[in-house]
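I have placed the structure first, in the form of structure tokens, so that the comments after it can refer back to it.
The values are calculated or read from the model by the stated rules, or taken from the named source; none is laboratory data. None of these values were measured; they are calculated from a predicted model. With ideal geometry, Cβ positions are generated from the backbone for all residues, glycine too; neighbour counts draw on all protein chains shown. Accessible surface areas use protein heavy atoms only, side chains included; no ligands, DNA or RNA. Shrake-Rupley method; radii C 1.70, N 1.55, O 1.52, S 1.80 Å.
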Amino acid sequence: MTPNGGTNGPAGVENVLRTEQLSLSFGPVAALKSVNLHLERGEVLGLVGNNGAGKSTLVKILTGLYRPDGGRIYLDGEEVRFRSVQDARQHGIETVFQDLALVDELSVYHNLFLNREYTRGGWFRFLRNRTMRAAASRFLDDIGIDIPSVDAPVAKLSGGQRQAIAVARAVRQENIKILLLDEPLAAMGAKETSLIIGLINSLSKKANISIIVIDHNYTHLFEICDRINVIQHGQVTVNKSLSEISLEELIEFMVQSFRRDVAAGDAK
Ligand SMILES: Nc1ncnc2c1ncn2[C@@H]1O[C@H](COP(=O)(O)OP(=O)(O)OP(=O)(O)O)[C@@H](O)[C@H]1O
Ligand SMILES: [Mg+2]
């Protein structure tokens, strides 16, 4: 470990992200007690845990939405404290939440450029739209997203296509290093699910983006992740690469942990 606590991965591999004893309470509810986790470059880490375990709270801290009560966050070995979502974004962290933040009435390409439009004055407007449109098509092609037309308003897209546009918008950030996905596959059909799974795989393997993905479907997680962390009652209790745990073992572990919560009156 370096003096600033930057490495803890195998053979001194520098972690792109590491947290140390992160904690956050909401009044009497200790949502996170002491979260220690790490993320390597280009790695996909799956976060699983029963309802109310603290997964979304952790993501909201990592994206600068909540400030932790205690603990530390390191990016590439340097301690950081995010003041806002914008601040986390400037450090290369992008998040896709379930409500997606797309504008239904605007076209796919306008959504991709939302708040980051190519700015050129007055009579260049037509040209500017043409440039954005072409850049959007090229970008979606590059990352393997197949949308019938970038001119369609996003309201006309399927749930999976919308999710894909939201992810594409996040990864358009030039300095993106870490992508956080909170239940990106929830309520999706088979075709949409495979679209997003393919996108996550190509972002990590081709673009070398590090990804944390939360999902309650362990079968899907086993198609995407390199490693799984289980969060229970605000703490990471299991940290296993896919070579160390089988899908059946994970399901059995989670069923048992849910039963214990029910017996203790803790299940939500
Ligand atoms: N803004 C908030 N105010 C008060 N309590 C909160 C807030 N956000 C989360 N909590 C509480 O913190 C705990 C962790 O919630 P969190 O949303 O992180 O769980 P989760 O693991 O994402 O669950 P799920 O799988 O249901 O999405 C829960 O007890 C929840 O009720
Ligand atoms: Mg959640």
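Within the bounds of segment 43-58, is there any residue that is at pLDDT 95 or above and open to solvent by 50 Å² or more (accessible area, probe 1.4 Å)? Among the residues of segment 43-58, not one is at pLDDT 95 or above and open to solvent by 50 Å² or more (accessible area, probe 1.4 Å), which makes the answer no.
Consider segment 29-41 and keep the residues that are away from ligand 1 (no atom under 15 Å from the Cβ) and more than 13 Å from the chain's Cα centre (by Cα). The one that is surrounded by the fewest Cβ atoms within 10 Å (Cβ to Cβ) is Asn36.
Annotation: of all residues in segment 86-104 being at pLDDT 75 or above and open to solvent by 50 Å² or more (accessible area, probe 1.4 Å), the one that is nearest to ligand 1 (Cβ to nearest atom) is Phe97. Here Tyr74 fulfils each of the conditions (1) among the hydroxyl-bearing types (Ser, Thr, Tyr); (2) open to solvent by 40 Å² or more (accessible area, probe 1.4 Å); (3) at pLDDT 95 or above apart from (2). Of all positions in segment 53-65, none carries a residue that is more than 16 Å from ligand 2 (Cβ to nearest atom) and of a type in the set (D, E, K, R). Which fully enclosed strands (runs of 3 or more DSSP E) of segment 168-268 have 2 or more residues being loosely packed, with under 15 Cβ neighbours inside 10 Å and modelled with pLDDT of 90 or more? Of the strands (runs of 3 or more DSSP E) lying wholly inside segment 168-268, those with at least 2 residues that are loosely packed, with under 15 Cβ neighbours inside 10 Å and modelled with pLDDT of 90 or more span 235-241.
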